Every structure is written in C-alpha cells, then in structure tokens.
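Here is the structure we will look at, set down as structure tokens.
The values are calculated or read from the model by the stated rules, or taken from the named source; none is laboratory data. The structure displayed is predicted, hence computed values, not measured ones. Counting neighbours? That spans all protein chains shown, and the Cβs are built from the backbone with ideal geometry, glycine included. Accessible surface areas use protein heavy atoms only, side chains included; no ligands, DNA or RNA. Shrake-Rupley method; radii C 1.70, N 1.55, O 1.52, S 1.80 Å.
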Amino acid sequence: MEIQKALGLAIKEIRLSKELTQEFFSDISSRTYMSVLENGRKKPTVDKIDSLANAIGVHPLTILTLSYLIANEGLSLADLQKKVSDELSSINR
C-alpha cells in the first residue's frame, strides 16, 4: 500500500479509536480536508501532522508508525522499533 494512503488510514484509525469526529478538527482543518486526507488524497506537511497529533493527544510518531505498519502488512511493531532504534544509534550526534 502507498504510504500516503496508509497515512490517511492511520489518522482515521487513531481518530476513531479516540471517538472523535472529523468536525473535532475544525480549528485545524475543515471536515472536507480531513475527509480527503483520510482517503489518502492529500499529502500533509510535517506541521499538519504535528497539529493533528497534538489535537488527538498522541505523539506525531504514533501516526507515522501506524502508517508504516499499515503500509507494510507483515512488519511487526517490534521489528519497526528495532530498525529505527538501530538507525538512530548509528547516527553521530
């Protein structure tokens, strides 16, 4: 699955798990934008993902992580976390 579509599905899944409507985001985005985003027809900016995550009450990485889990059906959360941890450990800061 394309990551853009998976991102939309992840946002929708998290929104529904928190029992929020698309209208809940009216201070951030219109209901129409949310619908288009959740259907994978928009590419949100990092700022938009951050705003949505803050409104929902989750870390932006939660949205991105769920997106990659949806896009890569056979990928487990533990494997994804290990990959990211290993990659971050190898970056000299």
Row for region 39-93, column shape: gyration tensor on C-alpha, a ≥ b ≥ c, rounded if a/c < 1.5 i.e. under 1.5, prolate if a/b over b/c, else oblate; value oblate
Roughly how many nanometres apart are two label points built 7 Å out from the Cα toward the Cβ at residue 75 and residue 24? 2.5
Given the chain reduced to its alpha-carbon atoms as identical point scatterers, what log10 I(q)/I(0) does the Debye formula return at q = 0.11, 0.15, 0.18 Å⁻¹? -0.33, -0.59, -0.81
Provide the solvent-accessible area of residue 9, counting protein heavy atoms only and rolling a 1.4 Å probe, rounded to the nearest 10 Å². 60
Would you calculate a helix-derived [θ] at 222 nm for the chain, using -39,500 (n - 2.57) for each DSSP H run of n ≥ 4 and dividing by the full residue count, to the nearest 500? -19500 deg cm²/dmol
Carbon/sulfur fraction of accessible area - the chain, other protein chains in place, 1.4 Å, %: 52
Karplus (6.51, -1.76, 1.60) ³J(HN,Hα), θ = phi - 60°, over region 50-59, in Hz, Gly and Pro reported as x: 4, 4, 5, 4, 4, 5, 6, x, 10, 6
Probe 1.4 Å, accessible area per residue of the chain, Å²: 67
Using amide H atoms built in the peptide plane, which far-off residues or other-chain residues are under 5 Å from residue 40 H to H? 8
The chain, Gaussian network, Cα under 10 Å: of 67, 51, 26, the residue fluctuating most is 26
Which GluC sites (Glu not before Pro) in region 3-93 sit in a loop by DSSP (not H, G, I, E or B) and have at most 13 other Cβ atoms within 10 Å of their own Cβ? 19, 73
Proximal lysine pairs in the chain, meaning Cα under 25 Å and 8 or more positions apart or interchain, come to 13
